[in-house]
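Comments concern the structure below.
No lab work stands behind these numbers, since they all come straight from the coordinates. What you are looking at is a predicted structure, and each value in this text was computed from that prediction instead of being measured. Using ideal geometry, Cβ is built from the backbone for each residue, glycine included, and neighbour counts are taken over all protein chains shown.
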Amino acid sequence: MVENSGAGISALRVGMGFDAHRFATPDEQRELWLACMRWEDAEGEGVSGLSGDSDGDVVAHAVIDALLSASNQGDIGSFFGVGPTSKGSGMHGRDMIREIAIMLAGRGWSINGASVVVVTQQPNISTRRQEAEMSMSQALGAPVTLTASTTDGMGFTGHGEGMAAMATATLIRQTAL
C-alpha cells in the first residue's frame, strides 16, 4: 500500500498470466488471431490459426489472466467458462479484454498497463509489433507492450506445434481513508 496525498490510499497490484494453444489442423480452418488482431499476412504464408473455444488469441488471454490475477478475480476460465457452450466460446480476445476492463473499472480498479511475451517460431512478431501493441492498448484502455521469443527448437513452441504467452499487468485502486 502506498499513501496518496491525504485523499485515500492507493493499492498497486501486480498479476501474472499465461496461456498456450496448439495450431489448428488444416481441416479446422481457423483464422490466426493474435494480440487482438487478425494476422492475414501470416495466414497467407501458411501459418495456421490457433485452436480453442474462442479465437485462440494467446496474447489477449494471457493479459486477461494477468488482470484477473492482479484483482484477485480468478482466471479466464472462471470468468468466461470452458468448452464449446461457455460464455467465451467464439469470442474474440479484443471483446474479452474490453469486458474485463469494464468489469474491473466497475469494481474500482484502474488499469496501469500490461506487458506480454509471446513464445512462437511463427509468425514473425516484429513485422507487426507496433500495430499489435496499439491494438491491445486500445482494447485495454491502457498501454501494452509486446515482445517475442523462441525456445530455440525446444518443446511444443519450438517444434512449431503451437504458441504460448506470458503477461504481467498492474492495477491501481483508490480507497478512502
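For segment 88-110, which residues satisfy the criterion of being farther than 23 Å from Leu32 by Cβ, touching a helix residue (DSSP H, G or I) at 6+ places or on another chain (Cβ under 9 Å) and not small (Gly, Ala, Ser)?
Correct list: Met103, Leu104, Trp109.
Among the residues of segment 144-177, which ones are touching a residue at least 40 places away in the same chain (Cβ under 8 Å) and in contact with a helix residue (DSSP H, G or I) (Cβ under 8 Å, 6 or more places away or on another chain)?
Val144, Leu146, Gly162, Met163, Ala164, Ala165, Met166, Ala167, Thr168, Ala169, Thr170, Leu171
Between a residue in segment 57-71 that is in a helix (DSSP H, G or I) and any residue that is of a type in the set (Asp, Glu) and surrounded by fewer than 24 Cβ atoms within 10 Å (Cβ to Cβ), which pairs come within a Cβ distance under 6 Å, given they are 6 or more apart or on different chains?
Between residues of segment 57-71 that are in a helix (DSSP H, G or I) and residues that are of a type in the set (Asp, Glu) and surrounded by fewer than 24 Cβ atoms within 10 Å (Cβ to Cβ), the close pairs are Asp65/Asp75; Leu68/Asp75.
Which residue pairs have Cβ atoms under 6 Å apart, sit 6 or more places apart or on different chains, and have a first residue in segment 120-134 that is touching a residue at least 24 places away in the same chain (Cβ under 8 Å) and a second that is surrounded by fewer than 16 Cβ atoms within 10 Å (Cβ to Cβ) and part of a loop (DSSP other than H, G, I, E, B)?
Hits for this filter: Gln121/Thr150; Gln121/Gly160.
Check Glu43, Glu31 and return the single one that is surrounded by 15 or more Cβ atoms within 10 Å (Cβ to Cβ), outside any loop (DSSP other than H, G, I, E, B) and more than 16 Å from the chain's Cα centre (by Cα). Spell out the reasoning first.
Values: Glu31 fails: outside any loop (DSSP other than H, G, I, E, B).
Exactly one of Glu43, Glu31 is surrounded by 15 or more Cβ atoms within 10 Å (Cβ to Cβ), outside any loop (DSSP other than H, G, I, E, B) and more than 16 Å from the chain's Cα centre (by Cα), namely Glu43.
Here are Ile111, Ile172: which of them is part of a strand (DSSP E or B), surrounded by fewer than 18 Cβ atoms within 10 Å (Cβ to Cβ) and of a type outside the set (Lys, Arg)? Can you show your working first?
On the way: Ile111 fails: surrounded by fewer than 18 Cβ atoms within 10 Å (Cβ to Cβ).
None of the other options fit; the residue is Ile172.
Check whether at least one residue in segment 80-90 is farther than 20 Å from Thr168 by Cα, of a type in the set (Val, Ile, Thr) and free of Cβ contacts under 8 Å to residues at least 24 places away in the same chain, and report yes or no.
In the first step, residues of segment 80-90 are kept if they are farther than 20 Å from Thr168 by Cα; the result is 81-90.
Now narrow it down to the ones that are of a type in the set (Val, Ile, Thr): 82, 85.
Restricting the remaining residues to those that are free of Cβ contacts under 8 Å to residues at least 24 places away in the same chain gives 85.
Yes, segment 80-90 has at least one match.
Can you confirm whether Gly141 is in contact with a Phe, Trp or Tyr (Cβ under 7 Å, 6 or more places away or on another chain), touching a residue at least 12 places away in the same chain (Cβ under 8 Å) and surrounded by 14 or more Cβ atoms within 10 Å (Cβ to Cβ)? Show your work before the answer.
Working: in contact with a Phe, Trp or Tyr (Cβ under 7 Å, 6 or more places away or on another chain): no; touching a residue at least 12 places away in the same chain (Cβ under 8 Å): yes; surrounded by 14 or more Cβ atoms within 10 Å (Cβ to Cβ): yes.
It is false that Gly141 is in contact with a Phe, Trp or Tyr (Cβ under 7 Å, 6 or more places away or on another chain), touching a residue at least 12 places away in the same chain (Cβ under 8 Å) and surrounded by 14 or more Cβ atoms within 10 Å (Cβ to Cβ).
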